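Undergrad: Here you go, one structure.
The values are calculated or read from the model by the stated rules, or taken from the named source; none is laboratory data. Worth saying up front: this structure is predicted, and the values here are computed from it rather than measured. Cβ: placed from backbone, ideal geometry, glycine included. Neighbour counts: every protein chain shown. What goes into the accessible areas is simple: the full protein's heavy atoms, side chains included, and nothing from ligands, DNA or RNA. Shrake-Rupley method; radii C 1.70, N 1.55, O 1.52, S 1.80 Å.
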Amino acid sequence: MDINTKEVIKNAFRVTKARGLTASRIRVPGGHLKAEYLEIIHQIAREYGNGTVHLTARQGFEVPGIRFEDMPLVKELLQPVIAGMGINQTEPGQGYPAAGTRNITACIGNRVCPYACYDTTAFAQRLEKAVFPNNLHFKIALTGCPNDCTKVRMHDFGIIGMTLPQFEPERCVTCRACIHNCRKKSVGALSEINYRPARNEEKCIGCGECIVSCPMAAWTRSREKYYRLTLFGRTGRRNPRLGVDFIKWIDEDSIIKIILNTYDYVEKYIDLNAPGGKEHIGYIVDRTGFAEYQKWALRDVRLPAIAEVTQPVYWGGLKY
Amino acid sequence: MGYRLTKEACDGVLQKLSLNHTLFAPKRFTGGGPFSGTDLIRYGKIASADEIVLDAKSAHSFKEALLPITETLFYFTEEQMKEPDPPAQGVLVFLRSCDLHAVRRLDEIYLRNGAEDYYYKRIREKTRFALIGCPTAFDTCFCVDMVANRSDNYDFSIEQDENANYLIDCRAADWAALFEAAASQTLAVEPSFVAATPTRVGIPALLDAGVAAAAMWDQYDGRCIKCGRCNFSCPTCTCYTMQDLFYTDNGKAGERRRVWASCMVDGFTDVAGGGCYRPKNGQRMRFKTLHKVFDYKQRFGYQMCVGCGRCDDVCPEYISFARIVNRLEEALREVKSDAAE
């Protein structure tokens, strides 16, 4: 058997511990898919795999127990799944063109969840279109609100939905639901002045709790959607750490631009001797200093006037 | 007299009416719902007929036209005070039959239950009503059982025919000429009224206050979150509270205002000394229910609730007021049998 493992891995098949057997990794941007694709995944597992499917930590599927020889047949079956999810491909029928930039994960978002501030799936799909295929090791995660059910601070780019609460004082009946809920369920950014809530703009994290709890629609969501962008959280062996705040009240277009700029930065500064050409971005930033990263990241980015950029940025975490 | 008007002609009439009246109608607020990507239908100022939402029920009622959510009663500074000027314009309210029946309840409380309310009266005198025809009931409506499904005390009725033209039955003599001039056809128009509702409600004929002792209320201690949405959305709730405040930039000046209150929300029954008559949510639910379908009738001779079903629509905990009312019969039996033992 003669297998080019580098090409196989790049093609989203794994080199597994069982000699001769691979596993097919299926991207699901935003973790949401049409149920009909499950039938195809079922078929692949039944006909070419060992009849089981793994739900990956990044919300994709991994079908184990596939013989390397069967990869072309599996790719053929996968084609409607790949095309149907709008994944960028270089050659139809040839599977995924890259595996470095990982599946973009997201919570269920505002299609279902009352707390979500935006359509996480749609934004994940938009990001996937913008960044994939790419061999660089990037991990992007989106979450609908500051509850952060996706745990985005474990990722290179964490995108947390926010809304800028709008208040119509004439509709307020002083029921205090917003003040109470902000204190008990959020950050306590509301106080009462003359029978009405006053919002501490510095403290407010844009979670929308005041809006959801208001029985009068005195609090409503901003037309614009905002986000908090966190940077370079990571798991791993040497220095696992949580991502830290970079920009609060950022917009969707600026996030995409910053991520694309980061690819350019990594191309420039990645350790050319890194094993497998793979180096976590955070280690590169540790090497160049954050100021250099920020210079690259914010190139041609036009942030909303309300955006707050954290300067300087520091990470903690464990060091082994 | 009845008329058929094109959309453009109808807008022309509305424009003329808006010279002297604020047009207040159920309207879609895009993105105005509590959840991301949701709209809110509530009352607001409109300028054209297609802004009136005819195919859905508003979450809040029309009552904020007659009872402003927040209303300043007077401004004060040192030895002087001043009342706010009355609204310059009257209001033309677009509402369904159930809500038009609710106007009678508001009038009962603010005009006929003791002294006339000056602030209510000065708005009420300048308010007129356009009935929105109601061809079919929504899921939670029970207006027929509350005898609020038909009305005739409107200035004009409005609804769309199958070609999206507007059908008007004008009863206001002073507005007939306006419609006549704009109409493409004069015809007999009878506004649509709901004749049957999917939700049915039966209030026990021999209901008495003893039902307060039933066990059913305890369930709502846990289920209800005392948010007050049922009261705030209700077209017949009339309670308010007073707020005296001093402006933060000038503590010598301030205002007294009245603000909607809710018997479900904390603070409603708080009294001096730290007491609270109805601390439990189930007690509040019991009070509200019996006020709507028992106490009010005892005093005024007819039911308060008009069966609009908004309280069911807006409850985030899926508590159905209709279901509560329908449980009263059994609760009554339970209380009677307890008493017999």
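Undergrad: Which of the residues that make up the range B:103-114 are in a loop (DSSP other than H, G, I, E, B) and either surrounded by 13 or more Cβ atoms within 10 Å (Cβ to Cβ) or touching a strand residue (DSSP E or B) at 6+ places or on another chain (Cβ under 6 Å) (or both)?
TA: B:113
Undergrad: Let me ask you something else. Based on this model, can you work out whether residue B:23 counts as over 23 Å from the mean Cα position of the chain (by Cα) and in the same structural domain as residue B:134 (by TED's automatic domain parsing)?
TA: Considered against the rule, which asks whether it is over 23 Å from the mean Cα position of the chain (by Cα) and in the same structural domain as residue B:134 (by TED's automatic domain parsing), residue B:23 comes out as no.
Undergrad: Let me ask something additional. What number goes with the only condition from (1) in a loop (DSSP other than H, G, I, E, B); (2) in contact (Cβ under 8 Å) with a residue 60 or more places away in the chain; (3) under 27 Å from residue B:19 (Cα atoms) that residue B:159 does not pass?
TA: (1)
Undergrad: Of all strands (runs of 3 or more DSSP E) completely enclosed by the range A:194-293, which ones contain at least 2 residues that are under 30 Å from residue B:64 (Cα atoms)?
TA: In the range A:194-293, the matching strands (runs of 3 or more DSSP E) lie at A:196-199.
Undergrad: Inspect the range A:165-181 for any residue being within 26 Å of the chain's Cα centre (by Cα), part of a loop (DSSP other than H, G, I, E, B), polar (S, T, N, Q) and crowded, with 17+ Cβ neighbours inside 10 Å and give the result as yes or no. Write out each step before concluding.
TA: Filtering the range A:165-181 for residues within 26 Å of the chain's Cα centre (by Cα) gives A:165.
Still in the running and part of a loop (DSSP other than H, G, I, E, B): A:165.
If we keep only those that are polar (S, T, N, Q) as well, we get none.
There is no residue in the range A:165-181 that is within 26 Å of the chain's Cα centre (by Cα), part of a loop (DSSP other than H, G, I, E, B), polar (S, T, N, Q) and crowded, with 17+ Cβ neighbours inside 10 Å.
Undergrad: Output the residues belonging to the range A:140-190 that are out of contact with any Gly (no Cβ under 7 Å at 6 or more places or on another chain), within 14 Å of chain B (Cβ to nearest Cβ) and of a type in the set (Gly, Ala, Ser).
TA: Result: A:177, single match.
Undergrad: Continuing with this model, one more query. If residue A:137 passes every condition in (1) at the interface with chain B (Cβ under 9 Å from one of its Cβ atoms); (2) modelled with pLDDT under 95 but one, which one does it miss?
TA: The failed condition is (1).
Undergrad: Which pairs do you get when a residue that is without any contact (Cβ under 8 Å) to a residue 60 or more places away in the chain, found in the range A:235-254, comes within reach of a residue that is basic (Lys, Arg), reach meaning Cβ atoms under 8 angstrom, with the pair 6+ apart or on two chains?
TA: A:250/A:228; A:251/A:225; A:254/A:302
Undergrad: Which condition from (1) more than 14 Å from chain A (Cβ to nearest Cβ); (2) of a type outside the set (Ser, Thr, Tyr); (3) open to solvent by 20 Å² or more (accessible area, probe 1.4 Å); (4) closer than 20 Å to residue B:317 by Cβ is the one that residue B:282 breaks?
TA: Only one criterion in (1) more than 14 Å from chain A (Cβ to nearest Cβ); (2) of a type outside the set (Ser, Thr, Tyr); (3) open to solvent by 20 Å² or more (accessible area, probe 1.4 Å); (4) closer than 20 Å to residue B:317 by Cβ is unmet by residue B:282, namely (3).
Undergrad: Let me ask something additional. Out of the range B:120-138, which residues are part of a loop (DSSP other than H, G, I, E, B) and open to solvent by 40 Å² or more (accessible area, probe 1.4 Å)?
TA: Of everything in the range B:120-138, those that are part of a loop (DSSP other than H, G, I, E, B) and open to solvent by 40 Å² or more (accessible area, probe 1.4 Å) turn out to be B:125, B:126, B:135, B:136, B:138.
Undergrad: In the range B:139-155, is there at least one residue being open to solvent by 40 Å² or more (accessible area, probe 1.4 Å) and part of a strand (DSSP E or B)?
TA: Within the range B:139-155 (the criterion being open to solvent by 40 Å² or more (accessible area, probe 1.4 Å) and part of a strand (DSSP E or B)), the answer is no, since none of the residues qualifies.
Undergrad: Go through the range A:75-86 and count every residue that is under 16 Å from residue A:127 (Cα atoms) and open to solvent by less than 10 Å² (accessible area, probe 1.4 Å).
TA: Summing the residues that are under 16 Å from residue A:127 (Cα atoms) and open to solvent by less than 10 Å² (accessible area, probe 1.4 Å) in the range A:75-86 gives 1.
Undergrad: Kindly indicate the residue of the range A:103-130 that is open to solvent by less than 10 Å² (accessible area, probe 1.4 Å) and part of a helix (DSSP H, G or I) and also farthest from residue A:271 (Cα to Cα) among those meeting that condition.
TA: Filtering the range A:103-130 for residues that are open to solvent by less than 10 Å² (accessible area, probe 1.4 Å) and part of a helix (DSSP H, G or I), the one farthest from residue A:271 (Cα to Cα) comes out as A:109.
Undergrad: Tell me the strands (runs of 3 or more DSSP E) entirely within the range B:1-102 that contain at least 3 residues that are within 12 Å of another protein chain (Cβ to nearest Cβ) and within 15 Å of residue B:127 (Cα to Cα).
TA: Strands (runs of 3 or more DSSP E) meeting the threshold: none at all.
Undergrad: Next up: So which of B:176, B:181, B:188 is open to solvent by 40 Å² or more (accessible area, probe 1.4 Å), in contact (Cβ under 8 Å) with a residue 40 or more places away in the chain and outside any strand (DSSP E or B)?
TA: B:188
Undergrad: I'm trying to understand the selection: among the residues of the range A:20-42, which are part of a loop (DSSP other than H, G, I, E, B) and either open to solvent by 60 Å² or more (accessible area, probe 1.4 Å) or assigned by TED's automatic domain parsing to the domain that holds residue A:129 (or both)?
TA: Hits for the range A:20-42 are A:32, A:34, A:35.
Undergrad: Still on this structure, I have one more. Can you tell me which residue in the range B:245-257 is farthest from the other protein chains (Cβ to nearest Cβ), limited to those that are surrounded by 12 or more Cβ atoms within 10 Å (Cβ to Cβ) and basic (Lys, Arg)?
TA: In this case the residue turns out to be B:256.
Undergrad: Another one. Test of understanding: among A:197, A:240, which residue is closer than 20 Å to residue B:227 by Cα, surrounded by fewer than 24 Cβ atoms within 10 Å (Cβ to Cβ) and away from chain B (no Cβ under 13 Å)?
TA: None of the other options fit; the residue is A:197.
Undergrad: While we're looking at this one, here's another question. Counting just the residues of the range A:83-140 that are of a type in the set (Asp, Glu) and touching a helix residue (DSSP H, G or I) at 6+ places or on another chain (Cβ under 8 Å), which one comes out nearest to residue A:11 (Cα to Cα)?
TA: For the range A:83-140, the residue satisfying everything is A:128.
Undergrad: If you don't mind, another one. When you go through A:231, A:298 one by one, which is the residue that is open to solvent by 20 Å² or more (accessible area, probe 1.4 Å), assigned by TED's automatic domain parsing to the domain that holds residue A:150 and of a type in the set (A, V, I, L, M, F, W, C)?
TA: A:298
Undergrad: Would you mind telling me which numbered condition in (1) modelled with pLDDT under 95; (2) surrounded by fewer than 13 Cβ atoms within 10 Å (Cβ to Cβ) residue A:282 fails?
TA: That leaves (2) as the condition not met.
For (1) more than 20 Å from residue B:66 (Cα to Cα); (2) facing chain A (nearest Cβ under 10 Å); (3) among the β-branched types (Val, Ile, Thr), each residue gets a yes or a no:
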residue	(1), (2), (3)
B:232	no, yes, no
B:243	no, yes, no
B:259	no, yes, yes
B:262	no, yes, no
B:265	yes, yes, yes
B:290	yes, no, no
B:302	yes, no, no
B:313	yes, no, no
